[in-house]
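The values are calculated or read from the model by the stated rules, or taken from the named source; none is laboratory data. Remember, it's a predicted structure, so these values are computed and weren't measured experimentally. We place every Cβ from the backbone using ideal geometry, glycine too, and count neighbours over all the protein chains shown.
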Amino acid sequence: MESRVLARDELWAIAELQHGFVTAQQALDAGVSKQALQMLVHRGTLVRAAHGVYRFPKYPVGEHDQEMLAVLWTRVPEAVLSHETALDAYDLSDINPNRIHVTVAKHRRFRRAGGDGYVVHYEDLDPHQIGWWDEIPTVTATTAIAQCIEYGTPTYLLRQALERGHARGYLKTAERDALQQMLEVRHEQ
């Protein structure tokens, strides 16, 4: 007799890799119908975290759940933490962003409810510009600093990020020097 995998178990396997979250699209891709998803919500197995994003309430709450939710809230597969949020994630400066920065591809245009705490940036990123931080897709430290230079992050915080990033091995000497030059050009303008 063939045993059938329960929808709950199928979604739990996905959520374990995403701080307890799963999107409606991921559920559909896993073969879980909209009706089955709604039944899991009705039973309290899942709770709605944002439009199209659900969370298992039994999954342990983590320190970085809001950052994971921000990436999933976009509902686009290439979404990553970026800019000042990435600098903060890597602890490269004393920056304390008041909103979570997320980058998606340039061709994406959307309006989503519940995004008041997010800043969405549009940029096509190469695979080498994307890494992972606490199991969340995040731009690399080099990319984050470059983004922040263009974004207008205060110079003293960027100088701090360049020093710490190089000292901690996030930036090679050539990368640090190139970013330092970008910062000086910005400062002169």
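Overview of results
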{"quantity": "Check on R75, under 16 Å from the mean Cα position of the chain (by Cα) and either assigned by TED's automatic domain parsing to the domain that holds Y170 or assigned to a loop (DSSP other than H, G, I, E, B) (or both)", "calculated": "yes"}
{"quantity": "Residue in segment 100-116 that is assigned to a helix (DSSP H, G or I) and surrounded by fewer than 20 Cβ atoms within 10 Å (Cβ to Cβ) present", "calculated": "no"}
{"quantity": "Residues (in a loop (DSSP other than H, G, I, E, B) and more than 23 Å from the chain's Cα centre (by Cα)) located in segment 1-59", "calculated": "M1, E2, S3, R4, V5, L6, G31, V32, S33, G44, T45"}
{"quantity": "Checklist (1) part of a loop (DSSP other than H, G, I, E, B); (2) in contact (Cβ under 8 Å) with a residue 40 or more places away in the chain; (3) within 14 Å of D91 (Cα to Cα) applied to L171, failing item", "calculated": "(2)"}
{"quantity": "Within segment 117-139, considering residues that are more than 17 Å from E84 (Cα to Cα) and without any contact (Cβ under 8 Å) to a residue 60 or more places away in the chain, the one surrounded by the most Cβ atoms within 10 Å (Cβ to Cβ)", "calculated": "D124"}
{"quantity": "Enumeration of residues in segment 100-123 that are of a type outside the set (V, I, T) and within 15 Å of the chain's Cα centre (by Cα)", "calculated": "H101, A105, G115, G117, Y118, H121, Y122, E123"}
{"quantity": "Pairs, first in a helix (DSSP H, G or I) in segment 141-163, second basic (K, R) and surrounded by fewer than 21 Cβ atoms within 10 Å (Cβ to Cβ), C-beta under 6 Å, six or more apart", "calculated": "I149/R186; L162/R176"}
{"quantity": "Residues satisfying the stated conditions in segment 71-95, i.e. surrounded by fewer than 19 Cβ atoms within 10 Å (Cβ to Cβ) and in contact with a helix residue (DSSP H, G or I) (Cβ under 7 Å, 6 or more places away or on another chain)", "calculated": "D94"}
{"quantity": "Scan of segment 53-70 for residues that are buried (at least 18 other Cβ atoms within 10 Å of the Cβ) and closer than 14 Å to A15 by Cβ, ordered by number", "calculated": "V53, Y54, R55, F56, D65, M68, L69"}
{"quantity": "Evaluation of M182 against (1) in contact with a Lys or Arg (Cβ under 9 Å, 6 or more places away or on another chain); (2) assigned to a helix (DSSP H, G or I) (one fails), failing number", "calculated": "(1)"}
